[in-house]
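The values are calculated or read from the model by the stated rules, or taken from the named source; none is laboratory data. Predicted, not measured: the structure shown is a model, and the values here were computed from it. Heads up, the Cβs are rebuilt from the backbone with ideal geometry, glycines too, and the neighbour counts pull from every protein chain shown. Calculation scope for accessible area: heavy atoms of the full protein, side chains included, ligands and nucleic acids excluded. Shrake-Rupley method; radii C 1.70, N 1.55, O 1.52, S 1.80 Å.
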Amino acid sequence: MESLRQLALHLALDLTAVALLTFAVYYPRHRRRDLLPAYLALNAALFTVVAALAEVGNGGGTALGFGLFGVLSIIRLRSDSIQHEEVAYYFTTLVIGLICGLPQLELSQAGALTGLLLAVVYASDHPKLFARSRRAIVTLDAVYGNPDDLRADLDLRLGEPLNWTVMEVDFVRDLTVVDVRYRVAKEPGKDIEPKKAAKAGGADRTTEPSLEAV
């Protein structure tokens, strides 16, 4: 009876923590409903597996190892559809299920560790943290012979470039693809006139960027 009571308390802690993570933190910030069932199901399934293994094997470490190995072997994360911060939420729900699923762990310790995870995710993914920083993949209809000209063009069109990587240069079609991190202006909203790009090959070109947010 005592073991059932302990398991019920751990389950209540687990469900409370994952509900706060998904419904109070993740969804209000990212608005992806399709990932909510994945987070909840992953957490509940992992809690069940770890709790069952702990009872059968009488060893928290064994249960933890098997649970982690099993989950990591079946989860498939596609980088083209899941952003890095969403992967962080995936692994947070995973770890919460692991911690709460160990009946040998004191409820106070499980609660403290779970609270620490929630606090770290809440703070690190807060909208006000580096709120003006952005990332985009920009395609420019020009080839730049001077990095300063590329920087000036990005500064005019997007905001202050913090760092960028030239991913592709096409001399045939006069294209430059740039992965850029930049800081937006404090008061955006002005229409920006197209800028004449730097001379490449002896001719001026007007750049027409297309943005693909990542």
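Details
- Cβ-Cβ contacts under 6 Å between residues 6 or more apart (or on different chains), taken from a first residue in the range 17-32 that is closer than 12 Å to Glu85 by Cα to a second residue that is open to solvent by less than 40 Å² (accessible area, probe 1.4 Å) and in a helix (DSSP H, G or I), are listed as Tyr26/Tyr89.
- Answer residue from the range 106-127, given it is modelled with pLDDT of 85 or more and assigned to a loop (DSSP other than H, G, I, E, B) and is least open to solvent (accessible area, probe 1.4 Å) among those: Asp125
- Verdict on Pro103 being within 24 Å of Val18 (Cβ to Cβ), in contact (Cβ under 8 Å) with a residue 60 or more places away in the chain, open to solvent by less than 30 Å² (accessible area, probe 1.4 Å) and outside any helix (DSSP H, G or I): yes
- Against the numbered list (1) of a type outside the set (A, V, I, L, M); (2) modelled with pLDDT of 75 or more; (3) part of a helix (DSSP H, G or I), Gly67 comes up short only at (2).
- Some residue of the range 175-198 being in a loop (DSSP other than H, G, I, E, B), modelled with pLDDT of 85 or more and open to solvent by 50 Å² or more (accessible area, probe 1.4 Å): no
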